[in-house]
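Below is one structure, written out as structure tokens, with a few remarks after it.
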Amino acid sequence: MEKLPAKTGWIWIKEGFALFRKQPAEISTLFLAYMFLMLLLSFVPLLGQLLPLMLVPVFAMSFMQACLMIEQGKRVYPNLLLISFRSPALKNLLILGALYLVAAVIALAASSLIDGGVFWLTITGQAALDPKEIQDSSMSLAMLFSAAVYTPAAMAFWYAAPLIMWKNMSVSKAIFYSFFAVSREIKAFTVYGLAWAGIGVVLPAIVSVLIAVLVGNQAVTIMILLPLSIALTVVMYCSFYPTYTHIFGKPEADVPPPAEYPTQE
């Protein structure tokens, strides 16, 4: 298979927007249900901070499956959030989630080498740090270093969940294929990442300035920026699906029965 051109990264984003436009309310409802469930899990004693991260691969497949169903003309419902719990791949997805957690902890801990643990204490909520203490620290550099440490893991995990669930791969094999698939298409992923960074920063900034000029009310700004941020996040989730199909092809796994998820009229 030939390498994809760099512009494919932008095509992935455009296809994510196209999927979102087909069922904006349904996929947004799925996302809000996910966020609510994550909020509930955060209240679980002892495991509240760990469970949301460990379950990332499990719930990620809900959105991947939702995109597949949208593509096939089937309506998405909130109960799709639990589809991975009914899959034979659940065990491997949970193992993958545990690896997510380990990689994240290692990356966060590595930041202590730069700022002496300021970022670690802030992100884990172990201590209330003074704003001046944070400003005087090297936390920004520590965050960049932490992201750099996590990047190889992110490459290894990017396709791992769908390869486990849709290709029936083992955890180790899925991680291996994911890492080298991302490495192979690094130009497309660079464009993809930079484009999303631009969209996520520039668009809200433009909207904020326009509202400030036209209205000048902070409450109105928040009321507009919040749904915009949610919509952009959902579109980003939708764009994960074409990054998979452009490299590994359309999923071969069957979706749930049409009786449970009816087609659109």
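Worth a mention:
- Ligands, DNA and RNA left out, the accessible area of the chain computed with a 1.4 Å probe is 70% carbon and sulfur.
- Using the Cβ of G9 as centre and a radius below 14 Å, the other residues enclosed give a net charge of +3, where K and R count +1 and D and E count -1.
- For region 187-193, 3J(HN,Hα) per residue [Karplus equation, 6.51 cos²θ - 1.76 cosθ + 1.60, θ = phi - 60°, Hz, x = Gly/Pro]: 5, 5, 5, 5, 4, 4, x
- Rg/Rg_globular for the chain, with Rg_globular taken as 2.2 N^0.38 Å and Rg from C-alpha atoms: 1.07
- Net charge dipole size for the chain [Lys, Arg +1 and Asp, Glu -1 on Cβ; Debye, nearest 20]: 560
- Surface accessible to a 1.4 Å probe, per residue, for the residues of the chain, Å²: 54
- Of V105, V182, the residue with the largest accessible area leads and the full order is V105, V182 (1.4 Å probe).
- Karplus 3J(HN,Hα) series, Hz, for region 169-180 with 6.51 cos²θ - 1.76 cosθ + 1.60 (x for Gly, Pro): 7, 6, 4, 5, 5, 5, 5, 4, 5, 4, 4, 6
- Each residue was assigned an accessible area with a 1.4 Å probe, and for L203 the value is about 70 Å².
- With eigenvalues of the C-alpha gyration tensor scaled by 5 and rooted, region 1-95, Å: 27, 17, 14
- Per-residue Karplus couplings for region 147-164, computed as 6.51 cos²θ - 1.76 cosθ + 1.60 with θ equal to phi - 60°, are listed in order as 5, 5, 5, 7, 3, x, 5, 4, 5, 6, 8, 3, 9, 4, 4, x, 5, 5 Hz, Gly and Pro entered as x.
- Fraction of alpha-carbon pairs over 11 Å apart in region 155-194 - percent: 57
The values are calculated or read from the model by the stated rules, or taken from the named source; none is laboratory data. Remember, predicted model here, so these are calculated numbers, not experimental data. Here Cβ is always computed from backbone atoms with ideal geometry, including for glycine, and neighbour counts include all displayed protein chains. Only protein heavy atoms, including side chains, enter the accessible area calculation; ligands, DNA and RNA are left aside. Shrake-Rupley method; radii C 1.70, N 1.55, O 1.52, S 1.80 Å.
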